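Just so it is clear, none of the values below were taken in a lab; they were calculated from the coordinates. Please read all numbers here as calculations on a predicted model, not as lab measurements. Cβ atoms come from the backbone with ideal geometry, glycine included; neighbour counts cover every protein chain shown.
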Amino acid sequence: MTLKAVLFDLDDTLLDWAGRNYDWAEYERPFLRRAYDYAASLGNPMREFEAFEIDFRNRARDAWDHGRATFVAPHLGRLLVESAEAHGALPGSLAIEEVLGAYQWTAVPGTKAFPEIGDVLTELRDNGLKIAIVTNAFQPMTVRDAEIAVHGILPYFPEYRFSAADVGYLKPHAAIFQHVLEAMEITPAETVFVGDNLVADVSGAQGVGMKAVHRIVSPEHSMMEGLIVPDASLRDLRELLPILDQWYPGWRSR
Ligand SMILES: [Mg+2]
């Protein structure tokens, strides 16, 4: 069996979140404020920002609860528009793309690309493999693109980047994996998935027939340990290359 593609989860697989140590609500507020200000700038008679913010957080929490129960992905743009419309924006007056543009997402302080990804991704691409990002984000990929561009991750993935928000389903649901396989014209048997989450990444990928590599990030205590068994585990992405040598001898000589 030949190897044709390696798929990567984004957060805590390619992008290291260990350095973030502040209140998320505080951090997120200016982004919400810009989306709100944009809605107000169109002449919508908006109620006060504080009510909009509370409403947005409630909607986001409910959407993630629903997502965990059903694997239907939440969508940041839709949530922002719904909150704005609930607080004065004329229904239909806001385009999701415009609201997300006003939100102006970018790299998050304290996060950084894992230092080894350049060598590993270059080796995979130089040997003809297709590589992709498959993230369980509620931001559409265009929003996360702005963030991973700052981290220098974006140039390694010019073709294939998938966010659950765009696909409509969260990992581990088979629908998001099937969507990726079809878009990349690959089969599960010729595809390896790498991710830090045992349920979303490892169990999800294995469920559609892919081999799954578990990226272990510092001390993990998952209730799924022992229940979900990855095909391989690593703590540094450079360990992926010898794993691929073992599974797909000759993949580097393409
Ligand atoms: Mg992750």
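Points worth noting:
- Quarter of the Cα convex hull surface for the chain, i.e. its orientation-mean projected area (nm²): 13.7
- Taking θ as phi - 60° and the Karplus parameters 6.51, -1.76 and 1.60, the scalar couplings of segment 135-151 work out to 10, 8, 7, 8, 8, x, 4, 4, 5, 6, 4, 4, 6, 6, 5, 4, 7 Hz in sequence order, x denoting glycine and proline.
- Shape of segment 152-210, Cα gyration tensor, a/c cut at 1.5: rounded
- Shown here for segment 1-72: GluC sites (Glu not before Pro) in loop regions (DSSP other than H, G, I, E, B) with at most 13 other Cβ atoms within 10 Å, namely Glu48.
- Built amide H within the under 5 Å cut-off of Asp16, gap 5+: Lys112, Ala113, Phe114
- Nearby aspartates and glutamates by direct alpha-carbon distance to Lys4 (threshold 19 angstrom, same-chain neighbours under 8 apart not counted): Asp119, Glu123, Asp126, Glu159, Glu182, Glu185, Glu190, Asp201, Asp231, Glu239, Asp245
- Dividing the summed -39500 (n - 2.57) terms of all DSSP H runs of n ≥ 4 by the residue count of the chain sets its mean residue ellipticity at 222 nm at -12500 deg cm²/dmol.
- Note on Glu26 and Tyr160: their simple-model spin labels are 4.1 nm apart, each label 7 Å out from Cα toward Cβ.
- Measuring between their Cα centroids, segment 226-243 and segment 148-217 lie 15 Å from each other.
- In a DSSP loop and with at most 10 other Cβ atoms within 10 Å, the chymotrypsin sites (Phe, Trp or Tyr not before Pro) in segment 2-95 are Tyr22.
- The phi torsions of segment 72-80, fed into the Karplus equation with coefficients 6.51, -1.76 and 1.60 and a -60° offset, translate into couplings of 6, 6, x, 9, 3, x, 5, 5, 5 Hz, rounded to whole numbers, with Gly and Pro shown as x.
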